[in-house]
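Heads up: the structure comes next, in structure tokens.
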Amino acid sequence: MELYGAIYMSVIFFLGAVHGLMLTFLLVSKKVNQLSNRILAALMLVFTVDLAMAALLSVGLHHNYPHVIGLDFSITLLYGPLLYLYSETLIKGNKRLTLAQKKHFIPFILLTLYFLPFYFNSGETKLNLLSETGELQYGSEWITHFKVVYSLAYLPFIIRDLYQYRKKIRANYSTLEKRNLDWLQGFVLAGTLLGITAGVLYTVSSFSDLLSEYTDFTLLASTIFVYSIGYMGLKQAEFFTPIGREEKQVSKEEKPRQESYTRSGLNEEQGKELHQQLCALMENEKPYLRSDLSLAELAGLMSISTHNLTEVINTFADASFYDFVNSYRVENVKQAIKDPEFQNYTLLGIGLESGFNSKSSFNSVFKKHTGLTPSQFKKSLDG
């Protein structure tokens, strides 16, 4: 029975490795957002090597191929850094890694150098070391403890990146649906749960004889994670599209208006005047009716910088760009519901006409601003 169980797990790990390798090539071949996709490809490759080694070890094939023993030991130090750098470069839109970002690979490099003597051993020597000491190299057990803690230490920083991403999107866009927020949140959540699961199972296994169970469960979770990323990537085309750069790009039409860009703060009088101009623009030209309205576009209409527009909205409207624009959309919906000209429109139709681009965002934003759903608001008028 144990042999069948080992073969069963080996097949699962092998399929996960094959899937991870396919994803690696797919991500490397993408022409958009190349740095982030290559970092994700590297993460998939690490999973691939880890799962392939697990497939070999679970059925004892390492005795036939002893030279591959230990190849997966140091690469597990890359899980945390790669997941962190992926989320960071995706958010910031980096074209290349900075020196500070490259420093995250130092522990991996040092551990690889430390294990070089073991890697250069003959296959027979490697097998003897494993059978006699159970360790690849002196201190392997303590290094494994460090690897788990090191990987888990990245989780708060990844979650922080997600929070900053959400804040950044709300500061620059009036709609969230096409900004990859959901899949990024799911990706980080999956990585976080995987890291916590690995940490808990490893801690439990350290005080019991459940090390093999820990390894199987952790690698099985890794396999599911790899398949999940593949599913998300195939399901959503925007998974491989760049984000984080749009607010840095200004169209040719807006460039002349942006020449006066300055990072100096506004005084109160200037701020109030710009706020009045902004409110007049929103009331008269109704740019909020465009569902894809961005901070850069609205700043272009006012002939001011995005920095100054953000300052005006935050200070004098006491809101984010996202909430500010949607407050006008909600008010437009409320007026349209009362207007006989819209009596043949559905509530969703009115919402779409007012600048919302989906039923879910329409309902959630409307309820946030009024405390009622659109249908509840309409009923309150009829009653």
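Readers should treat all values here as calculations from the given coordinates under stated rules, not as data from a laboratory. Predicted model, so just to flag it, every value in this text is computed and none were measured. Here the Cβ is made from the backbone with ideal geometry for all residues, glycine too, and neighbour counts use every protein chain on show.
Over 25 Å apart at the Cα level, from the set LYS92/LYS359; LYS286/LYS379; LYS338/LYS359; LYS167/LYS359, are LYS92/LYS359; LYS286/LYS379. Taking 7 Å steps out from each Cα toward its Cβ at LEU289 and SER358 produces label points 2.4 nm apart.
You can think of it this way: the chain between HIS369 and LYS272 has 32.5 nm of extra reach, that is 0.36 nm per residue less the Cα-Cα gap.
Quick check on the range 329-383: take the gyration tensor over C-alpha atoms, sort the square-rooted eigenvalues as a ≥ b ≥ c, and tell me if it's rounded (a/c under 1.5), prolate or oblate. Note, shape of the range 329-383 comes out oblate. Of the GluC sites (Glu not before Pro) found in the range 276-383, the ones in coil according to DSSP and having at most 12 other Cβ atoms within 10 Å of their Cβ are GLU285.
Would you work out the relative contact order for the range 1-114, in percent, from Cα pairs under 8 angstrom that are 6 or more residues apart? Rounded, it is 30 percent for the range 1-114.
Alpha carbon centre of the range 292-355 versus the range 273-291: separation in Å? Measuring centre to centre over Cα atoms gives 8 Å. Compared with the alpha-carbon gap, the fully stretched path from PHE25 to GLN376 is longer by 121.3 nm at 0.36 nm per residue.
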